[in-house]
Structure formats: structure tokens, C-alpha cells
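Structure first, then comments.
The values are calculated or read from the model by the stated rules, or taken from the named source; none is laboratory data. It should be emphasised that the depicted structure is a prediction, and the values quoted were computed from it without experimental measurement. Don't worry about glycine lacking a Cβ; one is built from the backbone with ideal geometry, like all the others, and counts go over all protein chains shown. Only protein heavy atoms, including side chains, enter the accessible area calculation; ligands, DNA and RNA are left aside. Shrake-Rupley method; radii C 1.70, N 1.55, O 1.52, S 1.80 Å.
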Amino acid sequence: MVVCGDDGLAHRLAAELRGVYGAQVTLVVPAGARSARPPVVGRARAASAALLDRVNAAVGRAGGNGTVLGALGTTGSGGEPGRADRVLEAAEPTDTVLAEAGVERATALALVYDDDETNIRAALTARRLNPRLRLVLRLYNRRLGQHIEDLLDQAAALASGDDSGSSGDASTTVLSDADTAAPALVATAVAGTRKVVQTDGLLLRAVERPPPAPGVVADPGLCTLALLSATSSDPAGADGSEGSGERGPQLLPDEAEVAAAAGRGAVVLEQVSYAAGPPLPAGRTGVVPPFASLFSRRLRWSLAGLVGCVLALAVALWLVTGIHPLGAFYLTLLDLFAIDEPALGEPLGRQILQLLSGLVGLLLLPVLLAAVLEALGTFRTASTLRKPPRGLGGHVVLLGLGKIGTRVLTRLRELHIPVVCVEADADARGLATARRLRVPVVLGDVTQEGVLEAAKIHRAHALLAVTSADTTNLEAVLYARSVRPDLRVLLRLYDDDFATAVYRTLRAAHPGALTRSRSVTHLAAPAFAGAMFGRQILGAIPVERRVLLVAAVEVDGHPQLEGRSVAEAFRAGAWRVLALEGQQQPSPDHVLRAGDRVVLAATRRGLAELLGRHRTPPDPT
């Protein structure tokens, strides 16, 4: 296996291949990035730890929680589980570098550079050097990725002389860490969102359900995919990671474990189908803004008040003069616009109403002028960034509009969740998306005073800090918590050990508020690693700090599946068959046969074992 990259995903992927699959890995990284944590990340962790000391000191003064302090003390170790067998330093993956890395003899190559063009250029070179090489590319542009995938597979088929269009074991898989991590980040920060995997006609929907009330039997759905941590409400308890022990999350439990898990939340499967299910609601992307956004809230109330006054005057004229209601409304409008004759010789009531109508008309003119100017201004500035409106509340503050932040923003708007973005870079790639979706944006450094206030953080529902800088994310969360101690927060951190320490400490300092910390590379690496052993990975379902993979696997050649019923093929804690390709969820008695292709949920080690790639580590005793 060869892994080429220039950021943390390359190191995490190499560790995943070595630690979970037991594969031999050659890692190609730029000069000075040989360590599992690039130097920049190391400096960021040191600065982040200094910021975290403020919360740690507060917790120590409050009660001296030894568990939290101990967790912080272990943060600096943070060794990755497994390293590459060989590390090469190269600025770019040229022909010579790929040849030296052994691409001609390798089984699979992962190109996970942060730049799409670099990955595409290296993939074309690698396909020429080894037509049967399995390629896994990291591309942000999904439409381009589909075309590149087809092109590279076609090139492999032609090079191998396969007229059928299949090149045997060769395949190209295009993935995006942003697409993999964004649903997990949104689902973690916003309660009630569903975890959806939708690809190749397959629609799989899971939902996280809270613990049922005493005496209430929870709806199991189609099946239970995971049980949540038993100590999720304990500030110093399990954190949902793989090292949480028995009280941590349980993936793919059996019926006995589900029955015994009283008082624990669960992730249950709601739907598995190949029918064209209802698409996710899309955010507004049209050029013409909606009518409500043309006018401010104050102006809309002013117009409504004036309309009410006109109707009241028309009813009063009808009651005073006894004329037809339509006639009364018509005369009121004439008086309103001062185009009627004076009511000389008319009853006193008619004269008073005419004066009142003229007064309302004087008030109406400036309101109409303001409406026209505001509407013209809205159309004129449709291509500019919007500011957070006055009175906004219950929204999500999204910090960072890079690759990850842009995908998170899109997902939030698909769910019709109000968002206010904060971005320091005026040229960030996500600003165009925010402008198209008409999402308010605050341009400024979040570490500067007043920026989060401009985003209405004191009335927000949640804060998602997903910039690429750990220090920025942590400082923003600490400041937001000082403004709103009960604020729901999620921060993106590179180092998973450090993320665990931050999670425990913030939860101990603010036990009444929801706190989550996530590592994007930790969420994305399992999908990339699984794809290097074939085109099986369809998606990933986050379960607290762990990941459940959704894969498509051929039954033929897998004795754990072939000839067994669906119920017999289920292995608790490893894998579970969810559907047959092109069919609904099969019955438990359905026998899997050669030629079938199944969709299953699997843990990382379970998928490695199923693929015959798992190497059992030696017993330390």
C-alpha cells in the first residue's frame, strides 16, 4: 500500500492501514512532515493546551477533578496506533517519486493531497505506471471526481486489453473527507438530524434516539446499529471513543445486549431502500430573492399597520354614511391619495374621516418610498454578503468556510437550519456558497472582540468551530462559553487524543451544556482505508467518537456470508447485512448465495476481518 499526502489525513490513513488492516505501507510526504503530527499541528496543540489551561484551572478550583486532570496529562503522548513501514520525502508525487515508492508493485495507492490538481496529475501518472493499481483519490469537486473516476477506469481497461470495460481488480474510487465528515459534524451539533447514506440508488437512514423514559419500550426500528455510551451524562465518564471500555458505545449489538441496555440511547436503522426516496430539501439557490427578504421586518410591520388603518377607515365610512362597502373603500382610497373633492356640506363624521384618511396618506408615502428603495437595494446587493438581521435567534454560528465548513453549511441549509457564518479570509472558497444561499456572513477574526457578538452568539442555538486551526476553534469555544455557558458547541481538532481531553474538560466545566469535539481525519480515514481494499465503501455513520462503515460486498468468496442466512451471517460487534443490492431489507431467513451483492454495516476491524486483511495483534501477555 502506498499513501501520498501533505496533511494529517495521510498520517491517519497510514496508521489505519497498519493498525487495523495490518498492511505494509509506504508513506510519501513533503520534506519536514515525517512525524505523525506535522510541525504546524504540534505548535497548534501547544498553543491550544495553553488556552485549555484556563478551563482546567477553573475546574481544579471548583473541585479538583483528578480524572480530568489525568486525562490532560496524557494528551501530550498521543501516539498513533501504527506507523508506515517506509517514509519518503518528496515535494510532489512525480514519476520518479511514485516509482521509488513502488507503485508498479503496489496493490493500492491513496492520493490525499489537499490540492485536487495534484491528486489528479499523480493518478494519471500512477495509472500509466501500473494499469492494475487500485486508486483512491481525495477530491473536493464531486462532479469532476465522477468524470475522473470513469476516465481512469476506462484507461485501466484499455491498458489491460479488457474490451468489457472492466480491468479485473483495478478500480478508482473518489472520496472527499469533507463529504464524509460534514454529516457527522452536523448531526453531532444539531439534535434531531438523521444520518443519511444515499448513493447508487440506495437510501439508508438512521437516527439517534435518546434513552426512553422508565416503563416505556423504545421503538427498535428495523434494527439497532449501536448503543450509545452509558455515561454520556457523566462529565468525567466515558467519552465515546474506542478506549471507553464496556461503558462506551457498542457497535452492532445483538438482541441480548439491546435488551440489557436499559437507560441508554441508541442509533437505529429507520429505512433501507433502493426506491427513489424523497430528496433532502434543498436550500434556496435562485437568483431572485424570496419576497420576505425584500423588506426588513420593521418595514413589513409598518405596511401591515397602514393596511389595517385603511380597512378600519373604510369600515367606519360605511357605518357612518351607509353607502355600499366597496364604495366606502373606494372613497377612502381617494381621500388617502388626496384626489377626492373636499367633503363640504357633508356630515361631521364624513369630514373627520376624510381628514384621518389624508393623514394616513401622508404616513403612507414615506413607507412606500422606503419599500421601493429597500427592494431595489436588495436586488442590487443580491451578489453581496448579507449581515445578520436584527432579532435573529435560535440559529447556528458556523466558524470557518473552508472545505469542511462549506460542506457543513450546505448540509445545514438542506435541513433548513438558520446559519450565520464567521470567516476571517475575504477570499475563502465558501463565501460564494454563502452568497448563493443568502446566508449572513460576518467577516473578521473570531479571536478579536466583537466578532462573535456580531454573529449574535448570545442568542444562538449552537456553535460549530470547524476552521483548520485548533487554536482558533478552541479560543472561539472558550469565549462563546463565557458569553453563553449553556451553549451547545462542537469544535474540530486535528489530534483525537487532544480532542478527547478538550471534550472531557469542557464537559466538566459546563456539565449542563452539550459539548462535542471531532477530528475530521479520524472520521474520514476509515472510509479511505476501506476503499483501498476495493470499491466497497458507500458511506459512514458516526456513533459518538466512533465510525460505523456502510459497505457493498460480493458474497462470493466470503465464507462468513456465502451459504448462510441473513441472521446467521450477522456477527455482533463486527458486521450486519442490511440489504441485498437492488432489493429491500431481506428477511432473516434469506440465504445468501454466490453472485449476491449485499450492503452491510461494519466496524473498522469487522470489515478488515471480512475482507481477509486483518492481522490479529500478538497477545501482550
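Residue check: residue 478 meets all listed conditions (1) at pLDDT below 85; (2) surrounded by fewer than 24 Cβ atoms within 10 Å (Cβ to Cβ) but one, namely (1). Just so you know, in segment 386-401 the residues that are open to solvent by less than 10 Å² (accessible area, probe 1.4 Å) and touching a strand residue (DSSP E or B) at 6+ places or on another chain (Cβ under 6 Å) include one that is nearest to residue 465 (Cα to Cα), and it is 399.
Scanning segment 1-31 for residues that are under 16 Å from residue 98 (Cα atoms) and not in a loop (DSSP other than H, G, I, E, B) yields a total of 8.
Yes/no per residue for (1) farther than 23 Å from residue 516 by Cα; (2) in a loop (DSSP other than H, G, I, E, B); (3) modelled with pLDDT of 55 or more:
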| site | (1), (2), (3) |
| --- | --- |
| 234 | no, yes, no |
| 283 | yes, yes, no |
| 286 | yes, yes, no |
| 292 | yes, no, no |
| 312 | yes, no, yes |
| 318 | yes, no, yes |
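Of the residues screened, residue 466 is one that is over 30 Å from residue 598 (Cβ atoms) and either open to solvent by 10 Å² or more (accessible area, probe 1.4 Å) or in contact (Cβ under 8 Å) with a residue 12 or more places away in the chain (or both). The set of residues from segment 23-50 being at pLDDT 55 or above and either open to solvent by less than 10 Å² (accessible area, probe 1.4 Å) or in contact with a helix residue (DSSP H, G or I) (Cβ under 7 Å, 6 or more places away or on another chain) (or both) comprises 23, 25, 27, 28, 29, 32. In summary, helices (runs of 4 or more DSSP H) completely within segment 469-575 and bearing 2 or more residues that are in contact with a strand residue (DSSP E or B) (Cβ under 8 Å, 6 or more places away or on another chain) and farther than 21 Å from residue 398 by Cα occur at 520-531, 566-569.
Being at pLDDT 75 or above, farther than 27 Å from residue 574 by Cα, among the hydrophobic types (A, V, I, L, M, F, W, C) and over 18 Å from the mean Cα position of the chain (by Cα) holds for only one residue in 506, 490, 463, and it is 506.
Residue-wise test of (1) β-branched (Val, Ile, Thr); (2) at pLDDT 70 or above.
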| residue | (1), (2) |
| --- | --- |
| 339 | yes, no |
| 351 | no, no |
| 355 | no, no |
| 364 | no, yes |
| 368 | no, yes |
| 371 | no, no |
| 375 | no, no |
| 388 | no, yes |
| 392 | no, yes |
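Would you check if residue 540 is of a type in the set (A, V, I, L, M), open to solvent by less than 10 Å² (accessible area, probe 1.4 Å) and within 16 Å of the chain's Cα centre (by Cα)? No. With respect to the conditions (1) under 33 Å from the mean Cα position of the chain (by Cα); (2) assigned to a loop (DSSP other than H, G, I, E, B), residue 122 lacks only one, and its number is (2).
Those residues that are touching a residue at least 40 places away in the same chain (Cβ under 8 Å) and of a type in the set (Ser, Thr, Tyr), I need them from segment 88-117; list them, please. Those that are touching a residue at least 40 places away in the same chain (Cβ under 8 Å) and of a type in the set (Ser, Thr, Tyr): 107, 113. Number of residues in segment 442-463 that are open to solvent by 10 Å² or more (accessible area, probe 1.4 Å) and aliphatic (A, V, I, L, M): the value is 5.
For segment 556-568, the tally of residues that are of a type in the set (A, V, I, L, M) and either surrounded by fewer than 23 Cβ atoms within 10 Å (Cβ to Cβ) or closer than 20 Å to residue 265 by Cα (or both) stands at 2. When 109, 98 are checked against the criterion of being part of a helix (DSSP H, G or I), at pLDDT 90 or above and closer than 24 Å to residue 19 by Cα, 98 stands alone in meeting it.
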